[in-house]
Every structure is written in structure tokens, then in C-alpha cells.
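Report on the following structure.
Just so it is clear, none of the values below were taken in a lab; they were calculated from the coordinates. As the structure is a computational prediction, the values presented were derived from the model and not from experiment. Reconstructed Cβ throughout: ideal geometry from the backbone, glycine too, with neighbour counts over all protein chains shown.
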Protein chains: 2
Amino acid sequence: MKMNSIDVCESCEIHKNLVTKAMGEMPAEEMLYDMAELFKVFGDTTRIRILYALFSSEMCVCDIADLLNMTQSAISHQLKVLKQARLVKFRKEGKSVYYSLDDDHIKTILYQGISHLSE
Amino acid sequence: MKMNSIDVCESCEIHKNLVTKAMGEMPAEEMLYDMAELFKVFGDTTRIRILYALFSSEMCVCDIADLLNMTQSAISHQLKVLKQARLVKFRKEGKSVYYSLDDDHIKTILYQGISHLSE
DNA sequence: CAAACATATGAATAATCGTTCATATGTTCA
DNA sequence: TGAACATATGAACGATTATTCATATGTTTG
């Protein structure tokens, strides 16, 4: 008599031990949520382009907009997303705001992605 | 006289050299697209949960559904996405289909994500 | 202060995505 | 062969998201 789970398939009770083991190794809900939120940020070509631009050097918003041939507004919105994910940082200089990479893991994450793709 | 880009901000021509340099280092369109597609796959808690489940051991669809307390259909749809991204592989045994991880980069990518989050 | 400029942001829209529901496919076993 | 089972899949729905447009904020300079 099951009580805590959907009755997906009774005969799979054979693997209850595997399920129990995996359940114990599952990260906490909040961690899973944060991980998904982080990877979502990498899941957009515009944001990946921005990160690559900043690999090259620090840049102001209009440099990036010019480089990617997109509107200043679109870039600004995406920089906000990158900022919230703590992937970029910025410094203000007069009217301009210069953005740069905020984290060493960014390259590693992107390169692992490339590495997976080129298998 | 500009010809190939939106006139975002004329006075930023100061940084044209940076923009040109970054343009030269930008990955090809197709690579950017593929990278975004790959990271999108990691951008969902259900799929991350499935990957973690498979870290633990190979599992059949209904094991995963039971573990995550979700419908068989939802899991099956997500496994399709993971399969297309070549993150999981499967073997058929009778009525069941056993899924397992298909790539060594998966752990590295997820761990880099965790590493970034816990800074 | 006013004009010019660089950036930020809220609302709207179109596109994409995850889950559900119903059902199809394919396997085993009586 | 037919019933039971495990999985896959198409369509539909609601939720999320990227870009655009209009405009606001904040800085510099005449």
C-alpha cells in the first residue's frame, strides 16, 4: 500500500532501493532552483554573446549594442539578467557604465559546454 | 559615416578597436546557437533532478517518475529533451527502458554551477 | 539651468516551454 | 491472440521570456 507517491507503475517496486538511494543524494530544493536559474542565464545566444564580448575586454553598454547590432535597450535588459546572476559586474565612469566579467567559473562552464558539443 | 551597424551611440566610437577585437573572437553563429540550446537543457529543475537521479544509478522511466513524484508522461517528455542534447543514453530491456548519463561533462558543468552559486 | 547623451526600466507582444491529458506504440505473458 | 504493462508522443493550456517602444533617470557640458 503506497501512500507518498503517485502510482506510476507498481511493478517497478523492484527498484525501490535505487530510488531511495537517489532520493538521499538529491540536492535541496533551493539549490536545484538556483542551479536552474543560473543555467537559464546561459541558455540564450544574446547573453552568451555578451559574455564572450566581455572575455575580450571590459565594455560599455553601447559598445556591446554596436558589437551585437542590437538596441541599447535589449542589451541593457540582458545585462540586468547577467548582473542578477552575478556573472557581470560594472563600474560607472561619467555617463558610461562599463561592464566586465564577475566570475572565473563562467569560462569553465562555457568551455565545458563547447567540449560537450564537440564530441 | 557608418554603414553596417545601428547608430546606438556615436560618441562610443572611441571603443571601436575593442569592438573590432571582440568581433574577431566571437564564436560562429551555429556554435552560439548550439551552446544556448545545451544550457537551456540545464535550465530546468526537473531535468537537473533527472540528471542527479542518474548520477546515482541507471534507472527506468517509472523509477524516475516515482522518485520525482511526477507523471510518467512528464518524465518521458523531459528524457526526450535530455536525449536530444546527448546528455542521457538508454538501453531497452523487455518493457522497460533504462536511462543513464551519456557524458562526463555533465558533472563538471553542474559542479561549476554549484561552485559559482556558493561563492 | 538646459540640452545632449548614456543607461535603465515598465508595459506590451510574440515566441518558447513544461505539464497534462488522451492515446499510440511496443513488449510480455497467460 | 488478447490483456496488462512500460514508454512515447501529439495537442492544448498556462506560464515564462526576449525584444521593442516609450519614457525615466542620472551625468556632463555649454
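How large is the convex hull of the Cα atoms of segment A:55-119 per residue, expressed in Å³ as a whole number?
Numbers: hull volume 6.6 nm³, N = 65.
Considering the Cα atoms of segment A:55-119, their hull volume per residue is 101 Å³.
Using 7 Å Cα-to-Cβ label points, what is the B:Lys89/A:Asn17 separation (nm, one decimal)? Placing both labels 7 Å along Cα→Cβ, they lie 2.5 nm apart.
With its label point put 7 Å out from Cα toward Cβ, B:Ser118 sits 3.0 nm from the same residue's point in the other copies, in order from shortest.
Over all pairs of different C-alpha atoms, the protein assembly as shown has a mean inverse distance whose reciprocal, the Kirkwood radius, equals 19.7 Å.
Neighbour counting of Cβ atoms within 10 Å sorts the residues B:Lys16, B:Lys89, fewest neighbours leading, into B:Lys16, B:Lys89. Helix-only arithmetic for the protein assembly as shown: the sum of -39500 (n - 2.57) across DSSP H runs with n ≥ 4, divided by the residue total, places the mean residue ellipticity at 222 nm at -18000 deg cm²/dmol. Charged neighbours of A:Leu68, selected by a Cβ distance under 14 Å, balance to -3 (K, R count +1; D, E count -1). With N as its number of residues, chain A has a Cα radius of gyration that, divided by 2.2 N^0.38 Å, comes to 1.55.
Count charges around B:Leu101 for me, please; just the other residues with Cβ under 14 Å from its Cβ, Lys/Arg as +1, Asp/Glu as -1.
On the way: positive: B:Arg47, B:Arg49, B:Lys83, B:Arg86, B:Lys89, B:Arg91, B:Lys107; negative: A:Glu25, A:Glu119, B:Glu58, B:Asp102, B:Asp103, B:Asp104.
Once all neighbours under 14 Å are counted, the net charge is +1.
A:Leu117 to A:Val97: FRET efficiency via 1/(1 + (r/R0)^6), r the Cβ-Cβ distance, R0 30 Å, to the nearest 0.05? Once rounded, the FRET efficiency stands at 0.40.
Pairs of Cα atoms nearer than 8 Å and 6+ residues apart set the relative contact order; for chain A it is 20 percent.
Between copies, B:Ser73 shows label-point distances of 3.9 nm, shortest first, with the point placed 7 angstrom from Cα along Cα to C-beta.
Along the axis of the charge dipole computed for chain B (Cβ charges of +1 for Lys and Arg, -1 for Asp and Glu, origin at the Cα centre), the listed residues B:Ile106, B:Thr20, B:Met59 are led at the positive end by B:Met59. Mean per-residue shielding of peptide B:68-80 is 2, counting Cβ atoms of other chains within 10 Å of each Cβ.
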